[in-house]
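To start, the structure itself, in structure tokens.
The values are calculated or read from the model by the stated rules, or taken from the named source; none is laboratory data. Fair warning: this is a prediction, and the values are worked out from it, not measured in the lab. Ideal geometry is used to build each Cβ from the backbone, glycine not excepted, and the neighbour counts take in all protein chains shown.
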Amino acid sequence: METNDDEQPQSKAQQQNISYQENLELCSCGSQESVMFYCQDQACPFYKKQKIYCIECMVPEKHDHRPVILAKKAKNVADEWSKLIIEVSMLRNTCNQWMKNNEPLVEFLDIHITMPDQKLLLKMMQVEELCIHLDQFYQQFVVENSAKGDIMKLEQLKPDLLAFKQRLQPLQFLKNIGPAIFWKVYSEVIRQVNLRCT
């Protein structure tokens, strides 16, 4: 098979860009132009009517403000999700690594904790569940909409992103898991066990 020297294989980024452009919808203005920009200026008179728009709509009567490129906005939203996934995955890895050496002791001490929500094993399971749920949600909803550049659907997922961040918040202390956290969680239990043994 003969190939033209001028033809070069397309990079993954070029293929994604072509795929993204093919998925762009036509602007609601009727110009038959594809949408390229995102309106995030709440003072704009078209903010609620036309969140995504084409170059023809970038006129003083409509969107008289600095445009936000749709592809860049979609990438920023997807990056926010990716950043959270990385953060949760790193927390999970930290917890798993720490538990390899300490799980038997944690199991023993957790038996003596009177407040179930304070148990370290429960916190570790919450990290694991968060990681799994976040990954499933990301694969099911974010990946496809991000590839399509569907900023409207990605924006609708913002409450979900915030909910995942809220689930992570009370588990953040586990980033620094070690003797200080161990003592903070179990100091009272250790004192009680020590008193029983003497």
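Output yes when any residue across region 163-184 is of a type in the set (A, V, I, L, M, F, W, C) and either within 30 Å of Phe37 (Cβ to Cβ) or in contact with a strand residue (DSSP E or B) (Cβ under 8 Å, 6 or more places away or on another chain) (or both), and no when none is. So that I can check it myself, show each step before the final result.
Our first condition is that a residue be of a type in the set (A, V, I, L, M, F, W, C); within region 163-184, this holds for 163-164, 168, 171, 173-174, 177, 180-183.
Now restrict to residues that are either within 30 Å of Phe37 (Cβ to Cβ) or in contact with a strand residue (DSSP E or B) (Cβ under 8 Å, 6 or more places away or on another chain) (or both): 163-164.
Within region 163-184, one or more residues are of a type in the set (A, V, I, L, M, F, W, C) and either within 30 Å of Phe37 (Cβ to Cβ) or in contact with a strand residue (DSSP E or B) (Cβ under 8 Å, 6 or more places away or on another chain) (or both).
Anything in region 76-111 that is more than 24 Å from Pro170 (Cβ to Cβ) and touching a residue at least 24 places away in the same chain (Cβ under 8 Å)? List them, or say none.
Scanning region 76-111 gives Val77, Ala78.
How many of the residues making up region 35-52 are in a loop (DSSP other than H, G, I, E, B), hydrophobic (A, V, I, L, M, F, W, C) and under 20 Å from Lys75 (Cα atoms)?
So the answer is 3.
Those residues that are β-branched (Val, Ile, Thr) and either crowded, with 18+ Cβ neighbours inside 10 Å or within 30 Å of Met125 (Cβ to Cβ) (or both), I need them from region 69-96; list them, please.
Result: Val77, Ile85, Ile86, Val88, Thr94.
Scan region 173-198 residue by residue and report those that are in contact (Cβ under 8 Å) with a residue 24 or more places away in the chain and either touching a Pro at 6+ places or on another chain (Cβ under 9 Å) or not charged (D, E, K, R) (or both).
Leu174, Ile177, Gly178, Phe182, Val185, Tyr186, Val189, Ile190, Gln192, Val193
Suppose we keep only residues that are modelled with pLDDT of 95 or more and over 16 Å from the mean Cα position of the chain (by Cα) within region 125-148. Which one would you say is nearest to Gln172 (Cα to Cα)?
Gln126
Within the set of pairs 6 or more residues apart or between chains, which connect a residue that is aromatic (Phe, Trp, Tyr) inside region 38-64 to a residue that is in a helix (DSSP H, G or I) with Cβ atoms less than 7 Å apart?
Correct list of pairs: Tyr38/Leu70; Tyr38/Lys73; Tyr38/Ile151.
Being within 28 Å of the chain's Cα centre (by Cα) and β-branched (Val, Ile, Thr) narrows it down to one of Val35, Val59, so name that one.
Val35
What are the residues in region 157-178 that are among the aliphatic types (A, V, I, L, M) and in a helix (DSSP H, G or I), if any?
So the first thing to find is which residues in region 157-178 are among the aliphatic types (A, V, I, L, M), and the list is 157, 161-163, 168, 171, 174, 177.
Within region 157-178, Leu161, Leu162, Ala163, Leu168, Leu171, Leu174 meet the criteria.
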